[in-house]
1. Mind listing whichever residues of region 26-40 are in contact with an Asp or Glu (Cβ under 9 Å, 6 or more places away or on another chain) and within 12 Å of His241 (Cβ to Cβ)?
2. Only one of Gly67, Gly78 is at positive phi, in the same structural domain as Ala27 (by TED's automatic domain parsing) and surrounded by fewer than 19 Cβ atoms within 10 Å (Cβ to Cβ). Can you tell me which?
3. Being among the small types (Gly, Ala, Ser) and touching a helix residue (DSSP H, G or I) at 6+ places or on another chain (Cβ under 9 Å) is the filter here; which residues of region 133-171 pass it?
4. Restricting to region 1-22, what's the tally of residues that are part of a helix (DSSP H, G or I) and in contact (Cβ under 8 Å) with a residue 40 or more places away in the chain?
5. Here are some residues: Ala211, Ala122, Ala155, Ala195. Which one is in a loop (DSSP other than H, G, I, E, B), in contact with a Phe, Trp or Tyr (Cβ under 9 Å, 6 or more places away or on another chain) and not polar (S, T, N, Q)?
6. Kindly establish whether Tyr30 is assigned to a helix (DSSP H, G or I), of a type in the set (Ser, Thr, Tyr) and not assigned by TED's automatic domain parsing to the domain that holds His241.
7. Can you tell me which residue within region 259-314, out of those that are among the basic types (Lys, Arg) and in a helix (DSSP H, G or I), is farthest from Tyr42 (Cα to Cα)?
Amino acid sequence: MACTVRWFQGEDDYWRMREFLRRVYLANGYKQLSWHVARFDYARWHCCLNCAGVGLDEVARIWEEGGNIVSFFMPDGGRGEAHFMIDPQEKSSGLEQEMLQEAEAHLPETGERGEKRLTVWAHDTDAGRISLLQRRGYIRQEWGEWQWRTSLDRALPEVRCETGYVIRSLGEGLELLERCWASGLVFHDGDITVAADNREDPGWYRNIQRAPLYRRDLDLVAEAPDGSIAGFCTAWFDDVHQSAYIEPVGTVPRHQKKGLAAALMAEALRRLKHMGAVHACVGGYTPAANKLYQSMMGETYDLYRPWVRSWQHA
């Protein structure tokens, strides 16, 4: 039976894609060869909606066979990149080639001179996809995502932050504005202009809180002695297969080097284990982040790299 290919069409597709990812995640042995369901949620509600201003109907393309999802692709944000989610039982060179052709047709970003550019992600162990990308002229980038993963059936690290700081759940009411301010400082090198913009309209954070797995008791913050938010760590627990995804983790620049990120992660892992989670994962892109994640998660990771191709539009 041939696959049908179509765009994302609505909320029914969203819930079916989530169930597909749950099934595939288990089939892949808790490796993110396709995304964890929480990463998909975060991509939809934050990276696509907040950061890129696009809906899944614009960027997510689905392959179905007999009414069942076989695969889909989408960016982790806006056009210009593609992440492939594939049922390992259906994975084939033919399917991947078709997905790549569709991604090149529908997802590239266009430069000022009309040139096309697309980034496609592949694990270093995925020889088939790498060979396909090489044949199509893609070039591997040296940076990437270190996908750390760990069993929670072990003694967890105990970490204490500097005296005067308190690790707790995000509060209610106006503290949401403080959380938005802190995010701007963390991810934009202390830029108070961005922080102020983040706090001006907290609607972007309310979008994140709309994600199905969001829990305030897993939205952790480090409170500084002056009452401000000095750092944060959000964990997402999927009780369907007792696994968790951690995203984001950050410390406000002036509060760094005080053990806050490690203490936040330690508390997140402790709460997750108490809830019944048996596995957790997190992605790191920088040496500092990977040093932290290795200390908290152990030595096991998968390396997920971007491959880039540029071409002139015919």
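The values are calculated or read from the model by the stated rules, or taken from the named source; none is laboratory data. What you see is a predicted model, and the numbers here were worked out from it, not measured in a lab. For neighbour counting, all protein chains shown are included, and Cβ atoms are generated from backbone atoms with ideal geometry for every residue, glycine included.
1. Step one: list which residues in region 26-40 are in contact with an Asp or Glu (Cβ under 9 Å, 6 or more places away or on another chain), which gives 27, 31-39.
Within region 26-40, Ala27, His36, Val37, Ala38 qualify.
2. Working: Gly78 fails: at positive phi.
None of the others qualify; the one that does is Gly67.
3. Going through region 133-171, the residues among the small types (Gly, Ala, Ser) turn out to be 137, 144, 151, 155, 164, 169, 171.
Answer for region 133-171, where residues must be among the small types (Gly, Ala, Ser) and touching a helix residue (DSSP H, G or I) at 6+ places or on another chain (Cβ under 9 Å): Ser169, Gly171.
4. So in region 1-22, the residues part of a helix (DSSP H, G or I) come out as 11-22.
Remaining after also requiring in contact (Cβ under 8 Å) with a residue 40 or more places away in the chain: 13-14, 16-18, 20-22.
Number of matching residues: 8.
5. On the way: Ala122 fails: in a loop (DSSP other than H, G, I, E, B); Ala155 fails: in contact with a Phe, Trp or Tyr (Cβ under 9 Å, 6 or more places away or on another chain); Ala195 fails: in a loop (DSSP other than H, G, I, E, B).
Exactly one residue qualifies, and that residue is Ala211.
6. Numbers: assigned to a helix (DSSP H, G or I): no; of a type in the set (Ser, Thr, Tyr): yes; not assigned by TED's automatic domain parsing to the domain that holds His241: yes.
Criteria not met by Tyr30.
7. Of region 259-314, the ones among the basic types (Lys, Arg) are 270-271, 273, 291, 305, 309.
Filter again for in a helix (DSSP H, G or I), leaving 270-271, 273, 291.
On the way: Arg270: 22, Arg271: 20, Lys273: 21, Lys291: 23 Å.
The residue in question is Lys291.
Results for (1) surrounded by fewer than 21 Cβ atoms within 10 Å (Cβ to Cβ); (2) out of contact with any Lys or Arg (no Cβ under 7 Å at 6 or more places or on another chain); (3) outside the structural domain of Met17 (by TED's automatic domain parsing); (4) not polar (S, T, N, Q), shown as yes or no for each residue.
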site: Ala196; (1), (2), (3), (4): yes, yes, yes, yes
site: Asp201; (1), (2), (3), (4): yes, yes, yes, yes
site: Gln209; (1), (2), (3), (4): yes, yes, yes, no
site: Val221; (1), (2), (3), (4): no, no, yes, yes
site: Ile229; (1), (2), (3), (4): no, no, yes, yes
site: Thr234; (1), (2), (3), (4): no, yes, yes, no
site: Asp239; (1), (2), (3), (4): yes, yes, yes, yes
